[in-house]
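Below is one structure; the comments refer to it alone.
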Amino acid sequence: MPLKVAFHTLGCKVNYFESEALKGKFRREGFEIVDFSEEADAYVINTCTVTNMAAGKSRQMIRRAKRRNPDAVIAVVGCYPQVEPEKVASLPEVDLALGTDNRLRLPDLIKRKIYGEDVTSGIDPYGKKASFERMPWVPEQGRTRAFLKIQDGCNQYCSYCIIPFARGPLRSLSPEKGLAYLHEIKDHGYKEVVLTGIHLGLYGVDLDPPANLSSFLQKAVLVPGIERIRLSSIEPSDFDDQLLTVLKENQKICRHLHIPLQSGDDLILKRMGRPYDTAFFAGLLEKLHHSLPDLAVSTDIIVGFPGEEEEHFQRSYNFVQEFAFSRLHVFKYSPRRGTRAAEMKNQVPNRVKEERSRKMIALGEQLSQNYQEKFVGRVLPVLLETVVDKPGKENQVSEEGIVHCLEGLTTNYLHVRLPGPLHWRGSIQNAYLEKNCRGYLQGIKPTIQLS
Ligand code: 5AD
């Protein structure tokens, strides 16, 4: 009987990539991966600690795993134990804790633990230098988009942010290895790859010879078979002319950019330690929208940063409204121990943060609807990813076989549903976008095929 291991992953796309890589390693070591709701010999919780709430959810999942099987080995990995090793080690449910480095030894540690050996793992804080932990890309079952981490760490130290402590200094995968993974991804039939990193815009600056994101993208678009390259998140200050040109000249790079603004008020941006002001951000958006028609720009907004008065919040709100983001990720400011902002005076009371968060989320929903609405009546290519048939509802049959309800994404991150045969999954199909159904656009096969 193979040993069973179950995973739960919290947080960002980098975490999801790393969990998949770890699962691949477990499989190679003879483990069977089972669902988190099943009884397993070991549970791995890949944590997040960007806010207090994320750390709380991580603890909740640790307790849940222990309840599923009180005899299982509970392993906690990632950002939360990296930042608070003592706290995590003191949780009564935790048997093993590893940080954000050197995690591929986890299957071995878990096996030894299961067989009763007394293993200690140990978490070292990051120094100035760290090497990129190369985690092999592994195909994910049932997915049509591949995630690939090419960069890790951050040196920016914004005043609110714990991530540089959790992830260590900037480091990158070499372009040669990155391209080799892209070829592997293509060989597995994936049409889209999502490039991820912690500070992706500074990809390559640590390498010798130095590389950069633009030159990597220029090579990546030449990999045949990969029809879309999506970028996970790019800092406003990392768009230079070269990157703008590469984006403009390469349709394969998705027309969706996630550019974290954090606040639309200059004083707050300054106190956050962000290296730009609202005028710079506005100029960048204008340039981007001008050269990339239909572009979707989503962003992160923090509300209730220390010293954020009503007028600052209002300016932030107005800025977000004016620049019509396609989607907002709203965060209530959460003081993280060891960061500068946690020590600042004028912390905002929780109920005020709640109130501002509600308002900002409502604005975000409105903006998403507005953005989506603009595409009703258009024909756009959709990469079909999942089958979302309504349970209990009989599917129709056409000349091409049973008609399913498929869902996927356009290059500018619109969710589209399209009736079609099962073999369309994983392929890109044109859809006439007939109707805005709030969370998605309903599409039909266009009667005139566009080239
Ligand atoms: N409180 C609230 N939100 C935060 N983020 C980072 N640190 C904090 C914090 N202390 C948000 C930022 C960032 C996203 C990943 O998490 O908006 O872009």
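Brief remarks follow.
- Rg/Rh (Cα only; Kirkwood hydrodynamic radius) as it applies to segment 1-127: 0.92
- Label-to-label distance, nm, for residues given as ASP277 and GLN141 (7 Å Cα→Cβ offset): 5.5 nm
- By DSSP, the beta bridges lying fully in the chain are antiparallel in about 35 percent of cases.
- Förster radius 56 Å - calculated FRET efficiency between GLU117 and GLN366, Cβ distance, rounded to 0.05: 0.50
- Stokes-Einstein translational diffusion, segment 130-254 - Kirkwood Rh over all Cα pairs, 0.692 mPa s, 37 °C, in µm²/s: 220 µm²/s
- For the chain, the per residue solvent-accessible surface stands at 46 Å², with DNA, RNA and ligands left out and a 1.4 Å probe.
- For segment 4-114, lysine pairs separated by 8 or more sequence positions, or belonging to different chains, with Cα-Cα distances below 19 Å total 17.
- Hydrodynamic radius by Kirkwood, which averages 1/r over all alpha carbon pairs of segment 104-166, in angstrom: 15.5 Å
- For the chain, CYS12, CYS48, CYS79, CYS154, CYS254, CYS405, CYS437 have no disulfide-compatible partner, since no other Cys C-beta lies under 4.7 Å from theirs.
- A protection proxy built from the mean count of other Cβ atoms within 10 Å ranks the segments 183-190, 57-64, most packed first, as 57-64, 183-190.
- Over the chain: helical MRE at 222 nm, DSSP H runs n ≥ 4 each giving -39500 (n - 2.57), nearest 500: -10000 deg cm²/dmol
- Whole-number D in µm² s⁻¹ for the chain, Kirkwood Cα-pair radius fed into Stokes-Einstein, 25 °C, 0.890 mPa s: 104 µm²/s
- Net charge dipole size for the chain [Lys, Arg +1 and Asp, Glu -1 on Cβ; Debye, nearest 20]: 460 debye
- Ligands, DNA and RNA left out, the 1.4 Å accessible surface of segment 232-286 is 49% carbon and sulfur atoms.
- Projecting label points 7 angstrom from Cα along Cα→Cβ for ALA324 and LYS252 puts them 3.0 nm apart.
- Loop sites in segment 368-451: GluC sites (Glu not before Pro), DSSP, at most 12 other Cβ within 10 Å: GLU394, GLU399, GLU400
- Summing Lys and Arg as +1 and Asp and Glu as -1 over all other residues whose Cβ lies under 15 Å from the Cβ of TYR190 gives a net charge of +1.
- Highest mean packing first, where packing is the average number of other Cβ atoms within 10 Å per residue, the peptides 294-302, 155-163 line up as 294-302, 155-163.
The values are calculated or read from the model by the stated rules, or taken from the named source; none is laboratory data. Note that the structure is a prediction, hence the values are computed from the model and not measured. All Cβ positions, even for glycine, are placed from backbone atoms using ideal geometry, and neighbour counts span all protein chains on display. The area values use the complete protein model at the heavy-atom level, side chains included, leaving out ligands, DNA and RNA. Shrake-Rupley method; radii C 1.70, N 1.55, O 1.52, S 1.80 Å.
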